[in-house]
Amino acid sequence: MTIYETEVPGVGHKFELEIDGDERLVVIIHHDGKRDVYRRPDPDADSEQLFSLTGKQARQLGSILEGAYFQPVELDEVEVPLGESIIEWTEVGADAPVVGQSIADCDIRSRTGVSVMAIQRGEETIPNPGPDATIETGDVLVTLGSREEHSALSDLVED
């Protein structure tokens, strides 16, 4: 990611961060500590203001983004004993073709390649559900599989 810094006379400093393609996130830090955050979809477009922050709010947000409160695992960098497999949570949509079917009837493993390790249904967790477990709207399927297999599951169970 490239970051451009420019002094804005009488105002403060402007930072532009390249996000995707030509899209940029623009942050103006005023001399009084106020921060204005803008989004510019392409170089020829006007910037759209997203929000403003006080200096204290900006430092708190920066701490969160930096990982001071929670440090996520970067899946592209982590090595796990599961090889290419990862664990994902996928919510079943209201119009999913698997709603009302058992795990065996909808044949999730053969159709997608993932293994259903648990079903979260509201406050209830069904660990290691059997083939007769019925899938309901709003269930969260906890599954093990590759990214491609999880993508196939998402196509099957999301609206």
Completion exercise
Here the net charge surrounding Asp139, from other residues whose Cβ is less than 9 Å away from its Cβ (Lys, Arg +1; Asp, Glu -1), is -1
Handout entry: 3J(HN,Hα) from dihedral phi, segment 28-33, Karplus parametrisation 6.51/-1.76/1.60, rounded to Hz, x for glycine, proline
Key = 10, 9, 6, 4, 7, x
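How much FRET efficiency would the formula 1/(1 + (r/R0)^6) give for Asp42 and Ala94, where r is the Cβ-Cβ distance and R0 is 30 Å, rounded to 0.05?
Numbers: r = 37 Å, r/R0 = 1.22.
In this case the efficiency is close to 0.25.
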Problem - Spatial extent of segment 86-157: Rg and Dmax, with the Cα atoms as the point set, Å - result: 10.6, 29
Problem - Positive minus negative residues near Pro129 (Lys, Arg vs Asp, Glu; Cβ under 14 Å) - result: -3
Completion exercise
Longest the chain segment clear of chymotrypsin sites (Phe, Trp or Tyr not before Pro) sitting in DSSP loops (not H, G, I, E or B) with at most 13 other Cβ atoms within 10 Å runs 71-159
Problem - Nearest-20 debye value, the chain charge dipole, Cβ charges on Lys, Arg, Asp, Glu - result: 700
Fill in the blank from the handout: Summing -39500 (n - 2.57) over every DSSP H run of at least 4 residues in the chain and dividing by its residue count gives a helix-only mean residue ellipticity at 222 nm, to the nearest 500 deg cm²/dmol, of -5500 deg cm²/dmol
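Can you give the Kirkwood hydrodynamic radius of the chain from its Cα pairs, in Å with one decimal? Working shown, then result.
Values: mean 1/r = 0.0514 Å⁻¹.
After inverting the mean inverse Cα-Cα distance, the result is 19.5 Å.
Values in this text are rule-based calculations from the coordinates and carry no lab data. Just so it is clear, the structure is predicted and the values come from calculations on it, not from any experiment. Because the Cβ atoms are built from the backbone with ideal geometry, glycine has one as well, and the counts that use them run over all protein chains shown.
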